[in-house]
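The values are calculated or read from the model by the stated rules, or taken from the named source; none is laboratory data. As the structure is a prediction and not an experimental result, all values here were calculated from the model. All Cβ positions, even for glycine, are placed from backbone atoms using ideal geometry, and neighbour counts span all protein chains on display. Protein only, heavy atoms only, side chains kept; ligands, DNA and RNA dropped before computing areas. Shrake-Rupley method; radii C 1.70, N 1.55, O 1.52, S 1.80 Å.
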Amino acid sequence: MHGQLTHDAFIKGLSPETRAQLTGRSDAPALRRLALHGGLIVTFGSAIAAGVPGWWALLLPQGIAIIFLFTLLHETIHRTAFATLWMNDRVAQLAGFLIAIPPNWFRQFHFAHHRHTQNPQKDPELIVDKPDSAARFMRHVSGLPTWWSALSVLIRNARGLNADPFVPRTARPAIMTEARWFLILYVSLLVISVAAGSALLLWFWVLPALLGQPFLRIYLLAEHGRCPMVANMFQNTRTTLTNRIVHFLAWNMPYHAEHHALPTVPFHRLPDLHRLAMDHLQTVEHGYARFTAAYVRSLGEDADAPSPASRPPDT
């Protein structure tokens with residue numbers, strides 16, 4: 001019967017052989033995905049830089065490809081994307097630099113989110129309330145608060161003023177050093193661009209990232225927005241059934257309840273975990289457009305009330 005197992009019971013019911021298969025890591029799938037994802041950014045960026053006819057129409061897809069490096073950052077801070085440890089760490093640094101999220105700080109933030117998912121007192125993702133009015137929704141989706149927060153966190157960490165409760169004191173020196181290097185590199189690139197009289201980075205990177213951010217905001221809002229404040233990951237986290245393009249760009253993270261249930265599963269094994277868990281998922285939506293429409297309709301309602309969850313068709 002649908003939804004009878006909690007995520008804990010489901011995981012405990014997996015055989016050791018199945019768990020070993022699901023959590024097996026490999027460099028090859030991530031290298032292929034990285035080559036394709038990075039290839040899109042280079043291809044779009046090169047066409048923009050060359051000023052090909054209609055180049056301006058490439059700014060949005062370029063921005064979506066860049067900003068969804070967030071999902072690559074997410075996978076690499078879990079150190080599950082690659083089997084080789086240093087590959088995870090180097091790719092995380094590159095992805096984090098391109099979207100202004102230093103991985104050492106984000107790892108502490110995100111792991112606290114996993115430990116305390118949908119716990120209003122402890123989940124750092126709930127420090128800022130989800131938008132509960134049309135005006136707040138538009139502001140949230142614009143991405144401007146996100147960029148301001150990222151800059152504020154970066155500067156605070158670089159000054160050695162981090163006081164986040166989820167960051168242990170032993171991790172703060174590395175977080176400070178990383179933030180300082182990020183700022184040094186950003187300022188250096190700006191100085192070089194101004195000295196060269198070049199706006200290439202603006203058109204290749206900065207403006208596209210600004211344009212792409214709203215799509216990431218909607219995507220991320222679907223992960224836990226209007227989900228119940230309970231401990232069961234099959235309830236407090238939403239899996240969104242979507243197309244191959246989104247799964248490609250998001251490194252299979254639309255299978256988000258499955259990821260929260262067993263975070264050690266690499267992105268390329270999440271479809272397998274989904275097939276095993278789908279009958280027990282309790283918060284599922286068919287597509288991001290449908291989620292967004294339902295969320296917008298719910299604005300003004302009780303902010304703690306979960307939005308109606310649809311279920312996948314029986315297979």
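How about segment 58-92: which of its residues are under 27 Å from residue 178 (Cα atoms) and free of Cβ contacts under 8 Å to residues at least 40 places away in the same chain? Listed by number, the residues that qualify are 69, 73, 76, 77, 79, 85, 86, 88, 89, 90, 92.
Here 57, 92, 50 are screened, and the one residue that is touching a helix residue (DSSP H, G or I) at 6+ places or on another chain (Cβ under 7 Å), closer than 26 Å to residue 245 by Cβ and of a type in the set (A, V, I, L, M, F, W, C) is 92.
Within segment 230-241, is even one residue part of a loop (DSSP other than H, G, I, E, B), surrounded by fewer than 21 Cβ atoms within 10 Å (Cβ to Cβ), among the hydrophobic types (A, V, I, L, M, F, W, C) and at pLDDT 95 or above? Show your work before the answer.
In the first step, residues of segment 230-241 are kept if they are part of a loop (DSSP other than H, G, I, E, B); the result is 230-232, 237-238.
Now drop any that are not surrounded by fewer than 21 Cβ atoms within 10 Å (Cβ to Cβ), which leaves 230-231.
Filter once more, so that each one left must be among the hydrophobic types (A, V, I, L, M, F, W, C): 230-231.
Imposing the further condition that a residue be at pLDDT 95 or above reduces the set to 230-231.
So far as segment 230-241 goes, yes, one or more of its residues are part of a loop (DSSP other than H, G, I, E, B), surrounded by fewer than 21 Cβ atoms within 10 Å (Cβ to Cβ), among the hydrophobic types (A, V, I, L, M, F, W, C) and at pLDDT 95 or above.
For segment 189-202, what are the residues that are surrounded by 11 or more Cβ atoms within 10 Å (Cβ to Cβ), part of a helix (DSSP H, G or I) and either without any contact (Cβ under 8 Å) to a residue 40 or more places away in the chain or more than 27 Å from the chain's Cα centre (by Cα) (or both)? Within segment 189-202, 189, 190, 192, 193, 201, 202 qualify. Restricting 114, 110 to those that are part of a helix (DSSP H, G or I), within 30 Å of residue 201 (Cβ to Cβ) and touching a His at 6+ places or on another chain (Cβ under 8 Å) reduces the list to 110.
Per the conditions (1) closer than 25 Å to residue 298 by Cα; (2) touching a Pro at 6+ places or on another chain (Cβ under 6 Å), the sole criterion not satisfied by residue 233 is (2). Residues that are open to solvent by 20 Å² or more (accessible area, probe 1.4 Å) and not in a helix (DSSP H, G or I) were ranked within segment 82-99; the one that is nearest to residue 24 (Cα to Cα) is 83. The set of residues from segment 203-227 being over 20 Å from residue 97 (Cβ atoms), open to solvent by 30 Å² or more (accessible area, probe 1.4 Å) and either over 19 Å from the mean Cα position of the chain (by Cα) or of a type in the set (A, V, I, L, M) (or both) comprises just one member, 218. Scanning segment 8-38 for residues that are small (Gly, Ala, Ser), without any contact (Cβ under 8 Å) to a residue 12 or more places away in the chain and open to solvent by 30 Å² or more (accessible area, probe 1.4 Å) yields 9, 13, 15, 20, 28, 35.
Checking each residue in segment 39-57 for being under 21 Å from the mean Cα position of the chain (by Cα) and in contact (Cβ under 8 Å) with a residue 24 or more places away in the chain picks out 40, 41. Scanning segment 136-185 for residues that are assigned to a helix (DSSP H, G or I), farther than 19 Å from residue 113 by Cα, open to solvent by less than 60 Å² (accessible area, probe 1.4 Å) and in contact (Cβ under 8 Å) with a residue 40 or more places away in the chain gives 137, 140, 141, 142, 147, 154, 157, 174, 178, 179, 182.
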